[in-house]
Amino acid sequence: MFLNTIKKILESIFPQNNTKNIKIKEILKNRIFYFKKEQTIYFLPYKNKLVRKMLYDFKFKKKFVISKFLGEILYENLNEILYDLKIQENFNNPILIQIPISFSRKLQRGYDQNSLIIKEFCKLGGDNFLKIEKNILYKKLLTSPQSKTKKKKERLKNIKNSFKVRNVEKIKNKNILLFDDIKTSGATLNEAKKILKKAGVKKIIFLTIAH
């Protein structure tokens, strides 16, 4: 069923017999999840041009159908991953928190791509096995898009002190899955992690679609 859903979604993104369609199906057919030393779960290689194009089209060209595919990736894989993390990392009863965009950026773009992915994940029943908190992390500053900031040092400076935590009592001494659609340098996720750690969370693991 999962691969049939992928097929339908990809056909709405790329023409039926387009070579791009065929290639990206192969990437997804052989998908595995990765758990890296820096405590990051991810599913697709961002260095792949087709993966980058798909995520770009979703994020900036309003191809919302892609959110269904990304939500399904999370739903089909996360429950098993969380079971393994419980055994191997003592990562019990995690709460998912997403990286937010600022109110101004959402107003400009018209939507928050991370929220759309999580919404599709929940439609499938993901919130039955993973608790999700929406009003924890928010972005208090409008920063330049990280995608337009090339050097790591500039990315760190750009995102510094841009997040704030509310409803601290809901996350204190809890394990957190910190979700963002893409991880490149890690500047955004690490800045959010720093703020959450100050708020008293127990352990944080990054969750991202592509890295």
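What number of residues within region 180-207 satisfy the criterion of being of a type in the set (Val, Ile, Thr) and under 21 Å from ASN93 (Cβ atoms)?
So the first thing to find is which residues in region 180-207 are of a type in the set (Val, Ile, Thr), and the list is 182, 184, 188, 195, 201, 204-205.
Adding the requirement that they be under 21 Å from ASN93 (Cβ atoms) leaves 201, 204-205.
Number of matching residues: 3.
Residues of region 68-91 being of a type in the set (Ser, Thr, Tyr) and over 13 Å from the mean Cα position of the chain (by Cα), which ones?
TYR83 - this is the single residue of region 68-91 that is of a type in the set (Ser, Thr, Tyr) and over 13 Å from the mean Cα position of the chain (by Cα).
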- Task: Kindly list the number of the only condition in (1) closer than 25 Å to LYS197 by Cα; (2) modelled with pLDDT of 95 or more; (3) not aromatic (Phe, Trp, Tyr) that fails for LEU141.
- Result: (2)
- In region 106-135, what residues are over 21 Å from ILE182 (Cβ atoms), among the aliphatic types (A, V, I, L, M) and in contact (Cβ under 8 Å) with a residue 12 or more places away in the chain? LEU124
- Query: Which residue, of LYS8, LYS29, LYS63, is closer than 19 Å to ILE117 by Cα, modelled with pLDDT under 65 and of a type in the set (D, E, K, R)?
  - Reply: LYS8
- For LYS59, the lone unmet condition from (1) in contact with a Phe, Trp or Tyr (Cβ under 8 Å, 6 or more places away or on another chain); (2) assigned to a helix (DSSP H, G or I) is (1)
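The values are calculated or read from the model by the stated rules, or taken from the named source; none is laboratory data. In this text, all values refer to a predicted model and were calculated from it rather than measured experimentally. Counting neighbours? That spans all protein chains shown, and the Cβs are built from the backbone with ideal geometry, glycine included.
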